[in-house]
Every structure is written in structure tokens, then in C-alpha cells.
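Below you'll find the structure, written out as C-alpha cells, and then a few comments.
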Amino acid sequence: MVQASTKRAVGRPREFDEEAALEAAMDAFWQKGYESTSLADLCTCTGLHKGSLYQAFGDKHALFMKALNHYADREFKETAAVAFEHESPLDSIRAVVRTVCTHAEEGKGCMMINSMVELAPHDPEVHKAMENEAQRRLRVLTELLTRAQEQGEIRAELVPRKLAQQLMIGLAGSAALVKGMISTDQVLEVLEDMVGYWT
């Protein structure tokens, strides 16, 4: 008699929601920073034991990099969606500014800016991640500003890439300042005035 073949699963299946665990770790790092977030904090927020945490994500630094990249991808997709929902490129730029300012109201600032200040000067992996993310965002803003210029929405003598850099500096500075030195409404007013000077 021929026996029915049975397939055995390779390795033990994970019994947790990896996406939810990554989100929880991201929130912990975002709230407390890399150094101040302990392994115990990560185990508590994810609901995982140390062994399961390491098996799923690697060591603390590896988990942090996954969380940072997850944050960057999520924020980029949200911002890009806003950036291309208006017929007017300049209206899209203003919408991006409002979206970033709205996110800043959460009080934790921007995880990327927080990480850049805390780690980028002495952590090559974080520095490289920040550099790559900056270039990705710069390309989107430059594209929008180029279209705005082609449609006569900003002055012809201005250089779209430089304006994109100016806006990124303004957004990055505001993400740090809203944690205690300036209100979100003030940030929004300043950034919208800056965009207005380009027209």
C-alpha cells in the first residue's frame, strides 16, 4: 500500500504578528531614542521574549534599523500620496508642508531627525540610511517644484533643486523645534510664508 506523503514544516512557525511587533518597536525607539530604549522595553512593547526578538529581528541595532526604515517608508508613502493628489504642483507642496506639520503635532518629532541627531554622527549605517532617504525626498520635491515652475506657479529665475533643499532644511528644523521650542502653528506659518516667497 502506498502511504500518503506528508510534508513537515521547516522550522517553527512564528506565533506573532511581525508587522505589529515592528510597529511597537518603532514607537518605542521613536519615543525614547536608541540609547534609552532598553532590551526590556522592547520585550515589553512587542510582547516577545529576548530569544524570539533576536530570532525575528536580530540584535538591538538590527531591530532599530528595521524600525527606522519602516518609519521612513511609511512616512514617505503618506507624504508622496499627498504630494500628487492636487492638480497644482504648488498646492501639492503646501499640502506636504501641512502633512509634515500635522505629524509633528504628535509631540515626538520626526524619528528620522531624532535618529540623525542622536546616531548619525557616529553610526555609519544610520548616516547612510539618512543620506539615502534625503535623496529620495529631494527627488520628489524637486520634481514637484520643477512642474510648478513649468506651469508658472513659481518664479522662472529660481532653481527647483535649491528650493527643494531649502524646504527640506525648513522641515527638518521644524521637526526638531516642535518638541519644545515652537508651536506647530508657528512652524506652519513660517513654512507657508517661505513657499509664498517663491511665487
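The values are calculated or read from the model by the stated rules, or taken from the named source; none is laboratory data. Model, not experiment: these values are computed from the prediction. Cβ coordinates were reconstructed from backbone atoms using ideal geometry, including for glycine residues, and neighbour counts include every protein chain displayed. Side chains included, ligands, DNA and RNA excluded: accessible areas come from the protein's heavy atoms. Shrake-Rupley method; radii C 1.70, N 1.55, O 1.52, S 1.80 Å.
Exactly one condition in (1) closer than 18 Å to Thr99 by Cβ; (2) open to solvent by 80 Å² or more (accessible area, probe 1.4 Å); (3) assigned to a loop (DSSP other than H, G, I, E, B) is not met by Gln186; state its number.
Checking Gln186 against (1) closer than 18 Å to Thr99 by Cβ; (2) open to solvent by 80 Å² or more (accessible area, probe 1.4 Å); (3) assigned to a loop (DSSP other than H, G, I, E, B), the one that fails is (3).
Could you tell me which residue of the stretch 61-113 is nearest to Val178 (Cα to Cα), considering only residues that are of a type in the set (Ser, Thr, Tyr) and open to solvent by less than 60 Å² (accessible area, probe 1.4 Å)?
My answer is Thr99.
Of all residues in the stretch 24-40, which are open to solvent by less than 50 Å² (accessible area, probe 1.4 Å), free of Cβ contacts under 8 Å to residues at least 60 places away in the same chain and not small (Gly, Ala, Ser)?
Passing the criteria: only Thr37.
For the stretch 120-155, what are the residues that are touching a residue at least 12 places away in the same chain (Cβ under 8 Å), loosely packed, with under 15 Cβ neighbours inside 10 Å and either touching a strand residue (DSSP E or B) at 6+ places or on another chain (Cβ under 9 Å) or of a type in the set (S, T, N, Q) (or both)?
If the condition is that a residue be touching a residue at least 12 places away in the same chain (Cβ under 8 Å), loosely packed, with under 15 Cβ neighbours inside 10 Å and either touching a strand residue (DSSP E or B) at 6+ places or on another chain (Cβ under 9 Å) or of a type in the set (S, T, N, Q) (or both), then Gln151 is the only one that fits.
What number of residues within the stretch 137-157 are more than 19 Å from Met112 (Cβ to Cβ) and out of contact with any helix residue (DSSP H, G or I) (no Cβ under 7 Å at 6 or more places or on another chain)?
5
I'm told Ala148 meets every condition in (1) outside any loop (DSSP other than H, G, I, E, B); (2) out of contact with any Leu (no Cβ under 7 Å at 6 or more places or on another chain); (3) more than 16 Å from Asp73 (Cα to Cα) except one. Can you identify the failing condition by its number?
The failed condition is (2).
Tell me, yes or no, whether the stretch 117-126 has at least one residue that is farther than 23 Å from Ala25 by Cβ, among the charged types (D, E, K, R) and not in a helix (DSSP H, G or I).
no
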